[in-house]
1. Among the residues that make up the range A:6-23, is at least one of them surrounded by fewer than 16 Cβ atoms within 10 Å (Cβ to Cβ), away from chain B (no Cβ under 14 Å), in a helix (DSSP H, G or I) and at pLDDT 95 or above?
2. Can you tell me which of (1) modelled with pLDDT of 95 or more; (2) facing another protein chain (nearest Cβ under 9 Å) is the one A:Arg144 doesn't meet?
3. With in contact with an Asp or Glu (Cβ under 9 Å, 6 or more places away or on another chain), under 13 Å from A:Val14 (Cβ atoms) and of a type outside the set (Gly, Ala, Ser) as the only criterion, which of A:Val50, A:Val26 stands out?
4. Which of the residues spanning the range A:51-76 are within 16 Å of DNA strand D (Cβ to nearest atom) and under 24 Å from A:Ser3 (Cα atoms)?
5. Go through the residues of the range B:87-99 one by one and say whether even a single one is in contact with a Gly (Cβ under 6 Å, 6 or more places away or on another chain), within 14 Å of chain A (Cβ to nearest Cβ) and modelled with pLDDT of 95 or more.
6. Would you pick out the residues in the range B:26-81 that are touching a helix residue (DSSP H, G or I) at 6+ places or on another chain (Cβ under 9 Å) and within 6 Å of DNA strand C (Cβ to nearest atom)?
7. Taking A:Ile55 as the residue in question, decide whether it is within 14 Å of chain B (Cβ to nearest Cβ) and within 19 Å of A:Lys136 (Cβ to Cβ).
There are 2 protein chains.
Amino acid sequence: MFSKACEYGIRAAVYIAVQSLEERRVNLKEIAKAIESPEAFTAKILQQLVKSNIIDSTKGPSGGFEINKTQFKQINLSQIVSAIDGDSIYTGCGLGLKECDENKPCPVHDKFKDIRDELRQMLETTSIEELSLGMKEGLTFLKR
Amino acid sequence: MFSKACEYGIRAAVYIAVQSLEERRVNLKEIAKAIESPEAFTAKILQQLVKSNIIDSTKGPSGGFEINKTQFKQINLSQIVSAIDGDSIYTGCGLGLKECDENKPCPVHDKFKDIRDELRQMLETTSIEELSLGMKEGLTFLKR
DNA sequence: TTTATAACGGATAATTTTGTCCGAATTAAA
DNA sequence: TTTAATTCGGACAAAATTATCCGTTATAAA
């Protein structure tokens, strides 16, 4: 469904969010360990999230990553996915055709449209806040 | 969503089905041209479909690929996807966790489950027959 | 029986994605 | 002011996926 980079990106964002709830800024090493991801690769992904203004970063000692609490409700999965994988998941044809729309649909166009609309709906309505609360309550997990 | 190989595989299967409706057996060259796919790569994918008993092949002059009409109703998208991409699309965790289930769910487990169940439902209930009929009527397309 | 056609199978190559390394820039703490 | 911690950025490497090549096998037609 998503690229590996995107999976790591979502996991990292959720972890950062959970820690930000407690006013904790976290660094790369801690994040990679917490979500069991390759450190250097995760660094690249975090940089993308910083550039997309989804997370904030601070250099130097006691630096690291955090999410501004005022944005908690506004950041959703859709933004993270778009930042990392682009929006091909929404716009691309299910069978890989370059040109596929209502006028010239592929054989599965309508059926895929339904599924993708629901996926989009889900990603857009799932906030980072919601996900971090589930984590905080110990109901969900980010590794294994 | 699917791998490129899987996209080509579905397109090829639909094309073969449409031609089989008219009792036409088609060869690799024709298929690759019709669906605008790389010939040699498509050959590999067709071999997978043959091994999975989704399509039939015949060697030699006037040989090629076809789909047994008696199977038209039984072959669905789910079988093609499973044959090429495996069933990770059904079973894998949306965030890439090795271990993710009701007992130890990732933060998006439930939401993804809903989407994937619908995807599965769609793939399982969409037959190759249905798709080939849309093509035959000139309503859907396999290239561009 | 010979020949040409087409799928099959294995090796190899190109491209993309995933992952690593390392030095530069920044900045808080000593 | 110096040092150490940390992100940032670019180059590089490994792995996976996509794609090609070419000889082998089977078989229909000549």
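1. The answer is no, given that none of the residues of the range A:6-23 is surrounded by fewer than 16 Cβ atoms within 10 Å (Cβ to Cβ), away from chain B (no Cβ under 14 Å), in a helix (DSSP H, G or I) and at pLDDT 95 or above.
2. A:Arg144 satisfies every listed condition except (1).
3. Unique residue meeting the criteria: A:Val26.
4. A:Lys51, A:Ser52, A:Asn53, A:Ile54, A:Ile55, A:Asp56, A:Ser57, A:Phe65, A:Glu66, A:Ile67 - these are the residues of the range A:51-76 that are within 16 Å of DNA strand D (Cβ to nearest atom) and under 24 Å from A:Ser3 (Cα atoms).
5. No - not one qualifying residue is present in the range B:87-99.
6. B:Leu28, B:Ala43, B:Leu46, B:Ser57, B:Gly64, B:Phe65
7. Numbers: within 14 Å of chain B (Cβ to nearest Cβ): no; within 19 Å of A:Lys136 (Cβ to Cβ): yes.
Against the criterion (within 14 Å of chain B (Cβ to nearest Cβ) and within 19 Å of A:Lys136 (Cβ to Cβ)), A:Ile55 does not qualify.
Yes or no, residue by residue, for (1) of a type outside the set (A, V, I, L, M); (2) farther than 18 Å from A:Lys59 by Cα; (3) touching a His at 6+ places or on another chain (Cβ under 8 Å):
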| site | (1), (2), (3) |
| --- | --- |
| A:Tyr8 | yes, yes, no |
| A:Ala17 | no, yes, no |
| A:Asn27 | yes, no, no |
| A:Lys33 | yes, yes, no |
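The values are calculated or read from the model by the stated rules, or taken from the named source; none is laboratory data. Computed from a predicted model, the values in this text were never measured in an experiment. Ideal geometry is used to build each Cβ from the backbone, glycine not excepted, and the neighbour counts take in all protein chains shown.
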